[in-house]
Amino acid sequence: MMKKHTAILLLGGNQGQRRRMLASARNQIELQAGRMLQQSSLYETEPWGFEAEQLFLNQVVVIETTCQPRELLEMLLDIEKDLGREAAAPGSGYSSRVIDIDILFYDRQIIDTPSLQVPHPQLHKRRFTLEPLREVAPDLRHPVLQKTTTQLLNECQDPSGVHKVKS
């Protein structure tokens, strides 16, 4: 029997039918990567690191997967591509997108390679990540920073607006 792992992912996008895109991403993740254990509410958030006309819709999901971290990353990149995400030009910085799927945590592992860093290296700086993460895992301890999600959110300096969306 294959070992099961827990991965926490952040889904987001600010182009097109945002709710439909997140639903499609959740469906594809469940079909290809693993069983959905939890999902946060949807949060409407300001763009981070750039200006855009349309606000982002973000959500955190927790999955159980038999994929190894690199395999999961490749699968998520394929899902993004299948859903219409276009690769950004190298060095172009942050931009609007139809879908973005980030691995926030993978079990309690610390992974630091050129192509994959887990825990996500920016998560503690981003209110749009911490708000939905706290909803599903308020007491999760960051394995590098040794603080809970709630502590990280309380210390977050990000001034961006983040608002839970009514269902």
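Nothing in this text is a laboratory measurement; each read-out follows from the coordinates by a stated rule. Model, not experiment: these values are computed from the prediction.
Points worth noting:
- For the chain: relative contact order, % (alpha-carbon pairs under 8 angstrom, 6 or more apart): 30 percent
- In the chain, helices alone account for a calculated mean residue ellipticity at 222 nm of -8500 deg cm²/dmol, with every DSSP H run of four or more residues adding -39,500 (n - 2.57).
- Straight Cα distances below 14 angstrom link residue 81 to the aspartates and glutamates 100, 102, with same-chain residues fewer than 8 positions distant left out.
- Cα shape, the chain, gyration tensor, a/c 1.5 rule: rounded
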